[in-house]
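No value in this document is a laboratory result; all are computed from the given coordinates. Keep in mind the model is a prediction, meaning the values are calculated, not measured. Glycine also receives a Cβ, built like all others from the backbone with ideal geometry; neighbour counts cover every protein chain displayed.
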Amino acid sequence: METKLKVKDFSVYYGGFEAMHEIDIEIPAHQITAIIGPSGCGKSTFLRAFNRMNDLIPTSHVDGEIYMDDEDLYDIDVVELRKRVGMVFQRPNPFPKSIFDNVAYGPRAHGLRARAQLEEIVERSLRRAVLWDEVNDDLEKSGLALSGGQQQRLCIARALAIEPDVILMDEPASALDPIATLRIEELIQSLKESYTIVIVTHNMQQAARASDYTAFFNMMESRAGYLVEYGPTKQLFTNPQQKATEDYVTGRFG
Amino acid sequence: MERAKSRISSSNLLRRKVGQGIAFGLFWLAAAVAVAALLFIIGYVVVQGSQVINLAFLTTRPAGGVSGEGGMSTTIVTTIYLVVLVIAIATPLGVLAAVYMVEYASEAERESALARWLIRIARSGVEILAGVPSIIFGLFGFALFVSFMKLKFSLLSAGLSGACLVLPVIIRTSEEALKAVPRSYREGSLALGATKWQTVVQVVLPTAAPGIVTGIVLSVGRVIAETAIFWVTLGGSYRLPTGLLSSGRTMALHVYMLASETRAFDKAMGTAAILIVTIIVINLLINITSRQLAQRVMGKQ
């Protein structure tokens, strides 16, 4: 299977604190890879390494190798990288702008001005995020006026509008009710044909239901996160190789 | 068991309700006194002032001299000129300074110790300047603009001094407004591949705009209300200013001069009434525009 993202001996530090310890992982293209693990084990830090959002934290630095399509992430301009690697955050964070302007934001930032093209992109993105039918009668409405689940789908549409290769999702459904969560999961399934998806989740059922591969992270004594086990989701949940994984997926700790 | 339960649910109900009633009564009284005092002042000035206000009062210029004869037309025009000038100078400077302090300063601070010092000085400078009496700005403006730069008593001298006066207000309110923009907006924008500058211009500033406008409104009010600073920078000519370098007299200055140097106390009241009405109207206008602006940026709620 084609590898999309590859990480070798990868560590992340915040000042003197090691947040991630020597991670080795290969994430396949056009699959959904779930990252699970207890709170504070660095799942989000790991996810944010792929679009270099950790760079925003001034004291952070990384060690080791990280590639997308065999290209070193630190050789790619960070703006270009974030165009290729989209992100959906834990809490829906639509801009205080209209629905249209939210979705058109990325393409506009990258220099697209033509109204007709923008309209086409907005419609396509909203359709793919399964939001179009609910909002197409009034795209001038504020993104903030939507419900939580709709806002999160708007954020997904916003990420799709820049045509990324990879979509990172940081617990995208944790702030939503069960029905909205289910809709987001269905949506994620429908996206995997066109995108490589990495999703951090707190919810083990969600990982089991919605992902193809699962990586289980845990914390060392020093509180540094490390990769315990990684494999096809089915195998990880039914036949874990490590004791810690088994304890975690069966709910004995975490 | 049964008895204990009923005792808990009702024993102090009456006392709590009475306590609540007294508290609400006090709050209501405090609000009523504050509003009444305000209305009384405005009402008194407007009623007293309206006795001399008519079309002629508004459209003729002051005659000058100790009699205080004439109207107030030129002072209205001068006030408008000065407000526009001060805001035009202070807003871009203040907003850009605030953007630097909130969005960029931390990067510079990390990179060099010198920048760290300069930024610290700038921060405390803004804090201190916000509390300096306006006459100090006036003396500074007189020394620098009027005398040293030879701009004379003029709109330009007064505009520059007034800009110094309101700059801390604009910087501080803009800083607060920018800081209040959630980090998730910035992250959302950066994660889409927008540059930092695009993020600031297209997400952060529009979101902070209502707060920034508040600072501008405060500044407009300040310029309209100040007297001392303009007494020593604008001069006090009752003629219509013909250019940036001509002297003039704002409405507030006119009120002060009528009340202190002439016998025309009634005309001072008339001018004061117009001054108050102007401030109210300006506040309303800016509130409406900023709300419409916010709506256009944010989309319909």
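Applying the criteria of a DSSP loop state and at most 13 other Cβ atoms within 10 Å to the trypsin sites (Lys or Arg not before Pro) of segment B:106-213 yields B:Lys150. Inter-part distance, segment B:119-144 to segment A:167-204, computed on C-alpha centroids, equals 54 Å. Built from the Cα atoms of chain A, the convex hull projects on average onto 13.7 nm², one quarter of its surface area. Backbone amide hydrogens, once placed in the peptide plane, bring A:Ala34 within less than 5 Å of A:Ile199, A:Asp212, A:Tyr213, A:Thr214, A:Ala215, excluding anything fewer than 5 places away on its chain.
How long is the gain from B:Leu285 to B:Val18 if the chain were fully straight, where each residue apart is worth 0.36 nm and the alpha carbon distance is subtracted? List each step's numbers first, then the result.
Values: separation 267, 0.36 × 267 = 96.12 nm, distance 4.31 nm.
Residue separation times 0.36 nm, minus the Cα-Cα distance, leaves 91.8 nm.
Between the alpha-carbon centres of segment A:1-64 and segment A:104-122 there is a gap of 31 Å.
Please go through the residue pairs A:Lys192/B:Lys179; A:Lys6/A:Lys243; A:Lys6/A:Lys97; A:Lys43/A:Lys243; A:Lys8/A:Lys243; A:Lys43/A:Lys97 and name each one whose alpha carbons sit more than 28 Å apart in this structure. Checking Cα-Cα distances, A:Lys192/B:Lys179; A:Lys6/A:Lys97; A:Lys43/A:Lys97 exceed 28 Å.
A convex hull fitted to the Cα coordinates of the protein assembly as shown yields 246 cubic angstrom per residue. Once you reduce segment B:48-106 and segment B:246-273 to the center of their Cα atoms, the two points are 14 Å from each other.
When the Cα positions of B:Val181, B:Leu244, B:Ile288 are compared along the charge dipole of segment B:57-298, B:Leu244 comes out farthest toward the positive end, with charges on each C-beta of Lys, Arg, Asp and Glu. Please give the residues of segment A:78-94, grouped as numeric ranges, whose backbone N is less than 19 Å from a label point set 7 Å along the Cα-to-Cβ vector of A:Ala29. Counting backbone N atoms under 19 Å from the label point, the list is A:81-86. Using the rule -39500 (n - 2.57) for each DSSP H run of four or more residues, divided by the residues of chain A, the 222 nm mean residue ellipticity is -10000 deg cm²/dmol. Loop-resident GluC sites (Glu not before Pro) (DSSP state other than H, G, I, E or B) in segment A:145-246 with no more than 13 further Cβ atoms inside 10 Å of their Cβ: A:Glu193, A:Glu221. Among B:Leu160, B:Leu82, B:Leu218, sorting on how many other beta-carbon atoms sit within 10 Å of each Cβ, with the fewest leading, yields B:Leu218, B:Leu160, B:Leu82. Here B:Lys152 is the anchor, and the lysines within straight C-alpha reach of less than 29 Å, apart from those fewer than 8 places off in the same chain, are B:Lys267. Within chain A, the longest run free of exposed loop sites, counting trypsin sites (Lys or Arg not before Pro) that sit outside DSSP helix and strand states (H, G, I, E, B) and have at most 10 other Cβ atoms within 10 Å, spans A:114-251.
Across segment B:57-298, Cα-Cα distances exceeding 25 Å account for 50% of all pairs.
Just to be sure I understand: of the beta bridges DSSP finds with both ends in the protein assembly as shown, what percent are antiparallel, rounded to 5?
Counting only bridges with both partners in the protein assembly as shown, antiparallel ones make up about 60 percent.
Remark: relative contact order (segment A:3-249) = 28 percent; criterion is Cα-Cα distance under 8 angstrom and separation of 6 or more residues. DSSP bridge analysis restricted to segment A:138-254 gives an antiparallel fraction near 60%, rounded to the nearest 5.
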